[in-house]
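The values are calculated or read from the model by the stated rules, or taken from the named source; none is laboratory data. Quick caveat: nothing in here was measured; it's all calculated off a predicted structure. Cβ coordinates were reconstructed from backbone atoms using ideal geometry, including for glycine residues, and neighbour counts include every protein chain displayed.
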Amino acid sequence: MLEKALQGSRKYWTWIFFLLLIVGNGFINYLYQFKHGLGITGMSRDVSWGLYIGQFTFLVGVAASAVMLVIPHYLHDFKKFGKIVILGEFLAVAAVTMCVTFIFVDLGQPMRVLNVILHPTPNSILFWDAVVLNGYLGLNIVIGWMTLSADRKGIKPPAWVKPLIYVSIPWAFSIHTVTAFLYAGLPGRHFWLSAIMAARFLASAFAGGPALLIILSLIVRKLTKFDPGKEPIQAVGKIVTYAMIANVFLLGLEFFTAFYSQIPGEMNSFKYLYVGFEGHDKLVPLMWTSSILAIVSLPLLIVPSWRKKEGVLATACVALFISLWIDKGFGLVIGGFVPNPFEGVTEYWPTLREASIALGVWALGFLVLTLLYKIAITVREQTAGIEIEH
Amino acid sequence: MKIYDGGKIIVGLIVFVGLFTFPFVYNIGKANVMPEPKINTPAINELTEKKCVESKQFMRAEHMQLLNQWRDWAVRKGERVYVNSEGKPYTISLQNTCMHCHSNKKEFCDQCHNYMAVNPYCWNCHIAPKEKES
Amino acid sequence: MSMNRRQFLKIAGMSTVLGLGGVPVINLLKGDKSEASHVFVNEKALTAKRWGMAIDVSKFRTDDDYKKVIHACNSIHNIPDFGNSKDQIKWIWTDTYEHTFPTQPNEFIEESVKEKPFVLLCNHCENPPCVRVCPTKATFKRKDGIVMMDQHRCIGCRFCMAACPFGARSFNYKDPRLGLKPEDENTQYPTRTIGVVEKCTFCAERLSKGLIPACVEASQQIAKDAGTEAAMYFGDLDDPSSDVRKVLAGRYSIRRKPELGTGPSVFYIIGGDKNA
């Protein structure tokens, strides 16, 4: 099937080369970082994780969200997802690829990355994160590939794929839970030390990921002969709505605990992010942008007659996606480091090089996504009208 | 007999053979002098018996493994005295034991490492002995 | 880099040769290759069940005293100075009471305590979160309580920096040698390399030679020269007759963020002189 990614229109190849250009730019900047160290980023002794780890965290959510299509389709026999479940699985593959790359570019000694395997350390959450992420990547590649190639041949996928699909469901939850545990178990980081961290992560993931999937489905419909269908998109829209409500609710719980208890350590990070702390307010405009976009997206999603209009749904999804991208891909990580363990404030802002590298990783993800979607859509176009059950 | 895509196959074969033999062709006529690590440092000259911590053969073949073990013993176990096969004790330290005698890193370590095209990262942290530029 | 390559080649070679039934290769890779009969701890080395420190900042008389103590550490451990806080490497440093004990604020505390700089360093916790999170065991707890760093193994993920509630860890954002004048280098001790985390090790390398940590030694030298009591004490917290235990027994002391349960082994003696 791979050959299908090699035949495409002029537009397709222009897009591929555009992505390659951004990947190349990121790569050149990464080589510079590799030589001169992470000092070229905005990170510091006090804010020792930044854009890279933020993007990693956000993208784990996008990856996990594939399960929101897998559960209805395979557990509840919701047939309408049959056509788009592959889009979810391949989105997961692209997202995990980005996650792993973001972790890699964040390492100070990337050549030693195999030490994680050579000296396995089960008490480290990062060790488990490496295990579950790579496992999830493998699962989705195998499942997506097998079901798609079966579709192409007009036969059922081999029987052993089914158990893998069932395994992939708890596995999707595990990747985001484990990622939340990276943060939620650290003493002295009040902003992260919250029992509902994993729940928040999952809620935001199941809102943000499917929202991206809706946007992608609409793009696919516009650019190709493959139509994911109105009904599946609406069904995903409902998932986005419920998950976003849960996400905002859980964030509200955090605010309540912090500000009703009035414990300084609990409040300080929130203050820094939303109103500024001791005169430092670099992230305030960004966080309010996130909040306003979230508030705008909610009614658009909740009112059924609005949500049913695809234009409105798309607008809501874009707003929601950007909102969560800021909140989780940036605010969550930086907020945990401010104030520092001495109640001092060191602010963080990514450098141009750092942003170029991050953009390069995103472009790499979209490259993987484009190639996989090209294959899936070509198969779908050829088998249009034939529905295989699996 | 007809070879399908014969032209492409032959071109491919030529490219392959070219790539494969490149290192050999590239080095033709270049004198690859065997490295001769020098041991005429003041510290070694003072020794009555010119012997390293282990035999010359062992050191030549296994010094990297020995250094890895020294590293783990010293840093991870805190055991910093090495007793060699003859029962003689040495302080485990690259900078203070090895380089005390082999104070001529350029003529000793680098000779072979360059010849073998290996670039150990020991010296990113461990401070090499101060030598005159040669 | 050659280390990794070698390991890679070993594994690659092994899988090839295993296919051919090469038992000698397995033996070659197995365990101890050296001809050494044994390795041991230097008999002069100082040993303990749990190393700890007590610091009485009221005994620091001048800014110069602080400088001497900090310089003792910086100079022997090749601590670079980049002149900015972003890339800063700190093993031992000073800060105010408020910043040292942010969970114990007290607006009416004695002026002398409020104004006095506190000396900070790694707490060598009994239950260290940094060790718990490290994915490669690059940071680990020794039997004598020292939380040690193996910079050879660190991959630079900085999880330990997020986990340490005491801000005791520094990351080499830049090549440390760029912040170190060659003439200031201590050739007996390594520098670090780009991209690894570092921190105070309670002078593990000095303990192995029978010497107490450099900062404590400097502090005791200052006291000796001035004929006063020392500001810093070091010893075995498990031994009631140790220097550190004797000081702690007679004076009121506090620790940084004890509520987090990490069990810091560095104690701060607050006010109340022995004779008070």
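Table: residues versus (1) β-branched (V, I, T); (2) surrounded by fewer than 23 Cβ atoms within 10 Å (Cβ to Cβ).
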| position | (1), (2) |
| --- | --- |
| C:E111 | no, yes |
| C:K116 | no, yes |
| C:C125 | no, no |
| C:M148 | no, yes |
| C:C154 | no, no |
| C:V197 | yes, no |
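Let me confirm something: among B:S85, B:S103, which residue is modelled with pLDDT under 90 and not aliphatic (A, V, I, L, M)?
Numbers: B:S103 fails: modelled with pLDDT under 90.
B:S85 is the lone residue from the list that is modelled with pLDDT under 90 and not aliphatic (A, V, I, L, M).
Any residue in the range A:214-228 that is closer than 27 Å to A:I125 by Cβ, under 22 Å from the mean Cα position of the chain (by Cα) and crowded, with 19+ Cβ neighbours inside 10 Å?
Within the range A:214-228, the subset closer than 27 Å to A:I125 by Cβ is none.
No, the conditions are met nowhere in the range A:214-228.
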Residue ranges of helices (runs of 4 or more DSSP H) in the range B:1-76 with at least 2 members more than 22 Å from B:K88 (Cα to Cα) and more than 14 Å from chain C (Cβ to nearest Cβ): B:6-27
Failed item, numbered, when C:D239 is tested on (1) in contact (Cβ under 8 Å) with a residue 40 or more places away in the chain; (2) surrounded by 22 or more Cβ atoms within 10 Å (Cβ to Cβ): (2)
Test result for A:A376, assigned to a helix (DSSP H, G or I) and either within 14 Å of chain C (Cβ to nearest Cβ) or modelled with pLDDT under 95 (or both): yes
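For every residue, the table says whether it meets (1) touching a helix residue (DSSP H, G or I) at 6+ places or on another chain (Cβ under 6 Å); (2) farther than 17 Å from A:F342 by Cβ; (3) crowded, with 16+ Cβ neighbours inside 10 Å; (4) at pLDDT 95 or above.
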residue	(1), (2), (3), (4)
C:R50	no, yes, yes, yes
C:R61	no, yes, no, no
C:K67	no, yes, no, yes
C:C73	yes, yes, yes, yes
C:I79	no, yes, yes, yes
C:F82	yes, yes, yes, no
C:P102	no, no, yes, no
Residue that is nearest to A:P110 (Cα to Cα), among those in the range B:77-134 that are among the β-branched types (V, I, T) and facing chain C (nearest Cβ under 7 Å): B:V118
Residues located in the range A:111-140, provided they are surrounded by fewer than 17 Cβ atoms within 10 Å (Cβ to Cβ) and in contact (Cβ under 8 Å) with a residue 24 or more places away in the chain: A:N134, A:G135
Scope the range C:160-180; condition away from chain A (no Cβ under 11 Å) and in a loop (DSSP other than H, G, I, E, B); matching residues: C:L180
Residues (touching a helix residue (DSSP H, G or I) at 6+ places or on another chain (Cβ under 9 Å) and among the polar types (S, T, N, Q)) located in the range B:37-64: B:T41
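Quick test for you: out of C:D63, C:D87, C:D56, pick the one residue that is within 14 Å of chain A (Cβ to nearest Cβ), more than 18 Å from the chain's Cα centre (by Cα) and acidic (D, E).
So the residue among C:D63, C:D87, C:D56 that is within 14 Å of chain A (Cβ to nearest Cβ), more than 18 Å from the chain's Cα centre (by Cα) and acidic (D, E) is C:D87.
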Members of the range C:146-182 found to be out of contact with any Ser or Thr (no Cβ under 9 Å at 6 or more places or on another chain) and either of a type in the set (F, W, Y) or closer than 21 Å to C:N84 by Cα (or both), listed by number: C:G156, C:G167, C:A168, C:S170, C:K174, C:L178, C:G179, C:K181, C:P182
Test: residue in the range A:181-194 that is more than 14 Å from chain C (Cβ to nearest Cβ), crowded, with 21+ Cβ neighbours inside 10 Å and in contact (Cβ under 8 Å) with a residue 40 or more places away in the chain: no
The lone exception for C:V244 - which of (1) among the hydrophobic types (A, V, I, L, M, F, W, C); (2) within 14 Å of chain A (Cβ to nearest Cβ); (3) over 28 Å from B:I92 (Cβ atoms); (4) not in a loop (DSSP other than H, G, I, E, B) it fails: (2)
Elements of type helices (runs of 4 or more DSSP H) in the range A:1-98, at least 1 residues being in contact with a His (Cβ under 9 Å, 6 or more places away or on another chain): A:51-64
Number of positions in the range A:30-60 that are within 23 Å of the chain's Cα centre (by Cα) and of a type in the set (S, T, N, Q): 4
Top-ranked residue in the range A:264-294 [being within 14 Å of chain C (Cβ to nearest Cβ) and part of a helix (DSSP H, G or I); ranked as nearest to A:L332 (Cα to Cα)]: A:S269
Selection count, the range C:128-159, where residues are part of a loop (DSSP other than H, G, I, E, B) and over 21 Å from A:F342 (Cβ atoms): 18
Odd one out for C:D81 among (1) within 14 Å of chain A (Cβ to nearest Cβ); (2) in contact (Cβ under 8 Å) with a residue 40 or more places away in the chain; (3) in a helix (DSSP H, G or I): (3)
Residue identified as over 16 Å from the mean Cα position of the chain (by Cα) and assigned by TED's automatic domain parsing to the domain that holds C:P102 among C:P190, C:P176: C:P176
Test set (1) among the hydrophobic types (A, V, I, L, M, F, W, C); (2) more than 14 Å from chain A (Cβ to nearest Cβ); (3) touching an Asp or Glu at 6+ places or on another chain (Cβ under 8 Å) - C:F108 fails condition number: (3)
The lone exception for C:N172 - which of (1) touching a residue at least 60 places away in the same chain (Cβ under 8 Å); (2) surrounded by fewer than 19 Cβ atoms within 10 Å (Cβ to Cβ) it fails: (2)
